[in-house]
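See structure below.
The values are calculated or read from the model by the stated rules, or taken from the named source; none is laboratory data. All of these numbers come straight from a predicted model, not from anything done at the bench. Ideal geometry is used to build each Cβ from the backbone, glycine not excepted, and the neighbour counts take in all protein chains shown. Note: areas computed on protein heavy atoms with side chains; ligands, DNA, RNA excluded. Shrake-Rupley method; radii C 1.70, N 1.55, O 1.52, S 1.80 Å.
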Amino acid sequence: NINMKILKKKEIKIKNVEEKILNENIFSIDPKGCKDIDDALHVKKKEDGYELGIHIADVSYYIEEDSDLDDIIKNRLTSIYIDGYKQINMLPNNLSTDLISLIPNQLRRAFSVIFDIDNKGIIKNIRYEKNVIKSKYAFSYEQVDNIFKNKNHILKEDILLAKEITEKIKGEEVDSHL
């Protein structure tokens, strides 16, 4: 299988990473049952505001440019979601739901955008980084809503801080999931 042949070579390299491994409370928020977790975030309260990190799965590390697999992906262009019925992933399932997916407690390569935001919600600085991340939790929208309604969770402070940052940036209260 061409997909696994390409990946097995590159999977080994993750043990010898040169990029830094982020040690943050990284989590994702997706529809219930989502297996192709392609983005995650972390939040931190700082003395002068906040840090918001957005982490996107680094597909390019695993797929060689102009390879057969790259050509297949270029032809698909996007994932398709048919609500409550079917999902057609842009990437083959063994990639999108496993090796590239930002599954909790697994080291994964990511492109990260780190925002420094002041206490008024103004973005003061943006950093772009290649990192190796380890997500701590994959939340569903319903789980996040339950945390907003006082359900306890080990990452409750992070979820509430993400809500606070969202409200600062938007300038209004957020009632539902982020």
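General observations
- 3J(HN,Hα) couplings calculated from phi for the range 62-75 with the Karplus curve 6.51 cos²θ - 1.76 cosθ + 1.60 (θ = phi - 60°) are, in sequence order, 9, 10, 6, 4, 6, 6, 4, 5, 4, 5, 4, 5, 4, 6 Hz; Gly and Pro show x.
- Nonlocal amide H pairs with D58, under 5 Å, H built at 1.01 Å: R109, A110, F111
- Projected area averaged over orientations for the range 29-178, convex hull of C-alpha atoms, nm²: 10.2
- Estimated FRET transfer efficiency when R0 is 35 angstrom, pair I72-K32 (beta carbons, to 0.05): 0.75
- Gain upon complete extension [K44, D83; 0.36 nm per residue less C-alpha separation]: 10.7 nm
- Using a Förster distance of 30 Å, the FRET efficiency for S60-K170 (Cβ separation, nearest 0.05): 0.40
- Element breakdown for the range 56-178 at a 1.4 angstrom probe: carbon and sulfur atoms account for 49% of the accessible area.
- Over the range 25-95, accessible surface divided per residue gives 59 Å², non-protein components excluded, 1.4 Å probe.
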